[in-house]
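Visitor: First the structure, which I've put down as structure tokens, then a few questions once you've had a look.
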Amino acid sequence: MENEKKDLDEEIVDEAANTAGRCEKPDGGETMEESGSKELSEAKAKADEYLDKYQRLMAEFYNFRERTSKEKACMYDDGVRDTVEKLLPVVDNLERAVSAQKEKADEGFIKGVDMILKQFKETLKAMGVEEIPAVGEKFDPQLHAAVSHIEDKNFEENTVSVEMLKGYTHKGKVIRHSMVQVAN
């Protein structure tokens with residue numbers, strides 16, 4: 001009897017082991033193994049979808065960060081150009097004052113104004129502001145604004161003969177065009 005019980009227990013264990021992965025649902029549907037693989041494939045598809053969304057979001061964030069960094073740099077440069085443009089009349093007037101008073105008797109005062117002018121120009125240069133070369137250069141409409149034309153044999157055709165107002169650039173962009181007279 002003990003042998004029969006032992007055989008019966010082994011038979012039950014063997015049958016349970018054979019059917020463990022493929023037990024049918026009570027409603028007669030698919031096995032647990034099939035439903036598990038279906039759930040796994042659905043989970044993998046959802047994980048792939050989330051990974052794709054994550055990668056797209058990261059790429060979009062990277063582009064946003066680069067774009068805002070460039071915009072910030074441009075806004076700074078635009079602010080510098082606007083400020084310098086408002087200060088240029090002061091430089092012009094200092095230059096006029098120095099040139100008008102060069103031969104006057106009170107040289108101490110003129111030397112002081114000239115030193116202030118030089119300091120102003122050094123500060124502008126340190127900020128990246130450069131004067132546009134004009135006299136003797138070929139006329140460039142992107143840098144120069146022609147206000148008059150003259151016939152002069154001393155200059156080649158389309159050459160700047162006189163600079164009436166200095167022009168300035170900042171990082172390659174024109175702040176103010178040079179007002180010039182062009183020889184034809």
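Visitor: Among the aromatic types (F, W, Y) and surrounded by 11 or more Cβ atoms within 10 Å (Cβ to Cβ) - does that describe any residue in the stretch 138-155?
Guide: yes
Visitor: For the stretch 116-146, how many residues are among the aliphatic types (A, V, I, L, M), assigned to a strand (DSSP E or B) and under 22 Å from D77 (Cα atoms)?
Guide: Result for the stretch 116-146: 1.
Visitor: Identify, please: which residue in the stretch 147-184 is among the polar types (S, T, N, Q) and in a strand (DSSP E or B) and is, among those, nearest to the chain's Cα centre (by Cα)?
Guide: Residue satisfying both the conditions and the ranking: T169.
Each value in this text was obtained by applying a stated rule to the coordinates, not by laboratory testing. Given the structure is predicted, the values throughout are model-derived calculations rather than measurements. Cβ coordinates were reconstructed from backbone atoms using ideal geometry, including for glycine residues, and neighbour counts include every protein chain displayed.
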